[in-house]
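The structure appears right after this line, and notes come after that.
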Amino acid sequence: MRINKIALIGAGALGVLYGNRLTEAFGNERVYFIADHERAARYQKNPFTCNGRICDFHYVEDAVKNETADLIIIAVKYTGIDNAVKSIRNFVGEETVIISLLNGIASEKVIAESFGQEHLLYCVAQGMDAVKEGPHLHYDNGGILLLGSQDNTKTAHLEAVAEILEEADIPYKIPQDIHYCLWNKLMLNTGVNQIAAVFATNYGGLQKEGEARKLMLKAMEEVRTAAAYEGVRLTESDITEWMRVLDTLNPEGMPSMRQDTKAHRKTEVDLFSGTICRLGKKYGFETPVNDFLYEQILKIEASYD
Ligand SMILES: NC(=O)C1=CN([C@@H]2O[C@H](COP(=O)(O)OP(=O)(O)OC[C@H]3O[C@@H](n4cnc5c(N)ncnc54)[C@H](OP(=O)(O)O)[C@@H]3O)[C@@H](O)[C@H]2O)C=CC1
Ligand SMILES: CC(C)(CO)C(=O)C(=O)O
């Protein structure tokens, strides 16, 4: 299989980062964003920039028929996944490969249920420092994509995506176990993102000993339990390693969920405690910390003007 046409949906921090690298590599004949009519018009009027340079993006309206993409990259937030799935429907052909850059493990389930497991490759986006203000994206570190198939074998789809990333000079890795990688990142996000939002703090507030850090570790332990029920083994040392990484971060920085609550945006809580509490109910284990965090985050969202 060879990937010719590449579509993205979601021109946010990650969408602009990858959209720009792919457009620079393959041109806007082969690379485009799928967008509804309102977004396409808005984006065309107010072009995106990436590290100070205007992005030469091409937009195709989601109502267009008879245009399928070989690869679709989903880069919306979880709050936008249902509409994004509707928007890409016309572009999914028999051989289309779909990857989701979203955090957590929930978007993959939505995609598989909507289009069939055979279209899906698993992906973790990590290590980037992309910050988007209005249409302007800045990053120093472009991060890396971890990719894998459902059973971690080298499928034709996986090889085709790897080839295209290689050609575009986009860093990627095919780890031994992509599900472990997805869960490990979910464990970090469930602790760090949610605690920073609930305690209205930054990385500095999580780096020092105290109630916030204690609760963060307990929230992460509940993810370990959920992962075990799902057949993924996360260890104590995975948590220790994340704490080492957390302790190196700029204390003034903050995870995306805290940025969302500060800006009074809906959060991705359903990706994090939403997932863990749901699995707790499914398998019959207690999730007191994530129950508490879920409730608190919904309260924060409800308090916005
Ligand atoms: N930013 C990062 O460094 C990282 C992010 N992630 C994860 O990646 C995902 C994306 O994050 P990020 O790029 O930061 O998110 P952003 O909020 O920056 O971007 C999301 C974009 O999706 C667009 N969008 C929403 N709904 C639709 C729709 N129906 N059709 C088309 N576009 C739509 C929004 O457009 P509009 O503005 O026009 O409404 C917005 O620009 C999240 O799950 C995040 O947790 C993972 C690793 C790192
Ligand atoms: C890894 C981390 C916590 C980086 O801040 C993140 O994924 C996020 O902010 O959503």
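Of the residues making up the stretch 62-73, those that are crowded, with 19+ Cβ neighbours inside 10 Å and of a type outside the set (D, E, K, R) are A69, L71, I72, I73.
Evaluated against (1) without any contact (Cβ under 8 Å) to a residue 40 or more places away in the chain; (2) surrounded by 17 or more Cβ atoms within 10 Å (Cβ to Cβ); (3) among the polar types (S, T, N, Q), T248 falls short on exactly one condition, (2).
Checked against the criterion of being aromatic (F, W, Y) and crowded, with 19+ Cβ neighbours inside 10 Å, the candidates F272, F285, F292 yield just one match: F272. Considering every residue within the stretch 257-267, establish whether at least one is under 19 Å from I105 (Cβ atoms), surrounded by 13 or more Cβ atoms within 10 Å (Cβ to Cβ) and not acidic (D, E). Within the stretch 257-267, one or more residues are under 19 Å from I105 (Cβ atoms), surrounded by 13 or more Cβ atoms within 10 Å (Cβ to Cβ) and not acidic (D, E). Only one entry in E221, E236 is exposed (fewer than 14 other Cβ atoms within 10 Å of the Cβ) and at pLDDT 95 or above, namely E236. The numbered conditions (1) under 20 Å from the mean Cα position of the chain (by Cα); (2) more than 11 Å from P135 (Cα to Cα) are all true for V16 except (2).
In this structure, T201 does not satisfy being in a helix (DSSP H, G or I) and at pLDDT 95 or above.
Residues considered: Y43, Y59, Y78. Of these, the only one that is more than 19 Å from E167 (Cβ to Cβ) and open to solvent by 40 Å² or more (accessible area, probe 1.4 Å) is Y78. With respect to the conditions (1) of a type in the set (V, I, T); (2) in contact with a Phe, Trp or Tyr (Cβ under 8 Å, 6 or more places away or on another chain); (3) more than 16 Å from ligand 1 (Cβ to nearest atom), T240 falls short on a single one, namely (2). Can you pull out the residues in the stretch 25-40 that are without any contact (Cβ under 8 Å) to a residue 60 or more places away in the chain, more than 11 Å from ligand 1 (Cβ to nearest atom) and buried (at least 16 other Cβ atoms within 10 Å of the Cβ)? Selection gives N28, R30, V31, Y32. Is the stretch 2-10 home to any residue that is open to solvent by less than 70 Å² (accessible area, probe 1.4 Å) and either assigned to a helix (DSSP H, G or I) or within 16 Å of ligand 2 (Cβ to nearest atom) (or both)? For the stretch 2-10, residues open to solvent by less than 70 Å² (accessible area, probe 1.4 Å) and either assigned to a helix (DSSP H, G or I) or within 16 Å of ligand 2 (Cβ to nearest atom) (or both): present.
The set of residues in the stretch 189-215 being farther than 21 Å from A263 by Cβ and surrounded by fewer than 23 Cβ atoms within 10 Å (Cβ to Cβ) consists of Q207, K208, E209, G210, E211, R213, K214, L215.
Every residue, every condition in (1) within 16 Å of ligand 2 (Cβ to nearest atom); (2) assigned to a loop (DSSP other than H, G, I, E, B); (3) closer than 29 Å to S303 by Cα; (4) more than 21 Å from the chain's Cα centre (by Cα), yes or no:
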site	(1), (2), (3), (4)
Q194	yes, no, yes, no
E209	no, yes, yes, yes
R213	yes, no, yes, yes
I239	yes, no, no, no
L249	yes, yes, no, no
R258	yes, no, yes, no
T261	yes, no, yes, no
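Residues that are hydroxyl-bearing (S, T, Y) and more than 14 Å from the chain's Cα centre (by Cα) were ranked within the stretch 88-147; the one that is farthest from ligand 2 (Cβ to nearest atom) is T96.
The values are calculated or read from the model by the stated rules, or taken from the named source; none is laboratory data. Since the structure is predicted, the reported quantities are computational estimates derived from the model, not experimental observations. Quick reminder, even Gly has a Cβ in these numbers, built from the backbone with ideal geometry, and neighbours come from all protein chains shown. With ligands, DNA and RNA removed, areas are computed over all heavy atoms of the protein, side chains included. Shrake-Rupley method; radii C 1.70, N 1.55, O 1.52, S 1.80 Å.
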